[in-house]
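Trainee: One structure coming up, written as structure tokens, with questions to follow.
Every number here is computed from the coordinates shown, using simple stated rules; none is lab data. These figures come from a predicted structure and were not determined experimentally. Counting neighbours? That spans all protein chains shown, and the Cβs are built from the backbone with ideal geometry, glycine included.
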Amino acid sequence: MLKIGAHLSSSKGFYAMGEEMLAMDANTCQFFTRNPRGGQAKEISASDIDKFKQLTQNNHIESILAHASYTINPCSDKEETRLFALNTMIDDMKRMEWIPNQYYNFHPGSHVGQGVEQGISYICETLNHLLKPEIKTQILLETMSGKGSEIGSTFEELRQIIDRTENGHLLGVCMDTCHIFSAGYDIVNKLDDVLENFDSVIGLEKLKMIHLNDSLTPFNSHKDRHAKIGEGSIGAEALVRFVNHPRLKHLSFILETPNEFEGYKKEIAFFRANYSA
Ligand code: FE
Ligand code: FE
Ligand code: ZN
């Protein structure tokens, strides 16, 4: 069965988020660990989590993805900003241990002019504090579009982060279709080649999750503007081929398209109708 869901809010609690997930016929979902504009994360309620766990078990939910605030920058040139990112992520990791079948995705960050080399060193330093063999949470690096000085828009940069982090073998990757298309990987006309490239540079076994988005901007534009499925430069047909690709179809797909409940429900139904088991 296709594992597909959408980005939801956990602000009314995890059980409420789980009910919303089921109501849109999703069997996975993503949420922000805290308000993306920063600030304290909400206290986790043990009874809410218990009910949520029960819901995930009863409905065979195999993966729940958390997304770190996109405003933190683990490779800033300012020590204070890097420390804030680290402390936020340490707090996130503690909270993540409550969540069942949990994955934690983050943006590697922007080197803000220091260069990729220095930026990657800082990211790895941060990860060295987080990536302990005893944590149950699977940490994922997100593929980025390369806007500004963003790190992670090439498979090679992600490979370097994995190689230069202690316990880096524990890291996985979350591939965002909008981002990689915008970064210059042609998943519309050359999907097989892109996956072959990913496999030789990073290894497809490290690919754990997909962000399934259309892109508002053209191929190779290095912008990060998500579009609804079929309303962007990637197109519905290419995205249907993507979820059905034999090397990808077992993964979990998360929609981050500009939608509310009804729009997500429609897109999920569309992919379910166009998925061959
Ligand atoms: Fe993201
Ligand atoms: Fe994404
Ligand atoms: Zn994006």
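Trainee: Restricting to DSSP H runs of at least four residues, report the calculated mean residue ellipticity at 222 nm for the chain, -39500 (n - 2.57) per run over all residues, nearest 500 deg cm²/dmol.
Mentor: -12000 deg cm²/dmol
Trainee: In what order do 226, 7 fall by count of nearby beta-carbon atoms within 10 Å, going from fewest to most?
Mentor: Arranged by neighbour count, lowest to highest, 226, 7 become 7, 226.
Trainee: Neighbour counts of other C-beta atoms within 10 Å: give me 122, 15, 275 arranged from fewest to most.
Mentor: Ranked by crowding around the Cβ, least crowded first: 275, 15, 122.
Trainee: Compute the distance from the alpha-carbon center of the range 76-113 to that of the range 175-191, in whole Å.
Mentor: So the two Cα centres are separated by 25 Å.
Trainee: Given 12/132; 78/206; 132/206; 3/51; 42/206, which pairs have Cα atoms separated by over 27 Å?
Mentor: Table pairs above 27 Å Cα-Cα are 12/132; 78/206; 42/206.
Trainee: Arrange the following residues from fewest to most other Cβ atoms within 10 Å of their Cβ: 20, 166.
Mentor: Listed from fewest to most nearby Cβ atoms, that is 166, 20.
Trainee: Per residue of the range 171-188, what does 6.51 cos²θ - 1.76 cosθ + 1.60 with θ = phi - 60° give for ³J(HN,Hα)? Whole Hz please, x for Gly and Pro, Karplus curve as stated.
Mentor: The phi angles translate into 6, x, 10, 10, 8, 9, 5, 4, 5, 6, 5, 5, 7, x, 9, 7, 6, 7 Hz.
Trainee: Starting from the amide H of residue 29, placed 1.01 Å from N in the peptide plane, find each other amide H under 5 Å away whose residue is 5 or more places distant or on another chain.
Mentor: Amide H to amide H, under 5 Å and 5 or more residues apart or across chains, residue 29 pairs with 65.
Trainee: Same structure again: Please turn the phi angles of the range 129-146 into ³J(HN,Hα) values with the Karplus equation 6.51 cos²θ - 1.76 cosθ + 1.60 (θ = phi - 60°), one per residue in order, whole Hz, x for glycine and proline.
Mentor: 7, 9, 8, 9, x, 7, 6, 8, 6, 8, 8, 10, 8, 8, 6, 10, 7, x
Trainee: Next question. Under a 5 Å amide H to amide H cut-off, with H placed in plane at 1.01 Å, what residues pair with residue 207 once short-range neighbours are removed?
Mentor: The answer is 173.
Trainee: So, in Å, what gap is there between the alpha-carbon centers of the range 1-66 and the range 216-277?
Mentor: Answer, in whole Å: 20.
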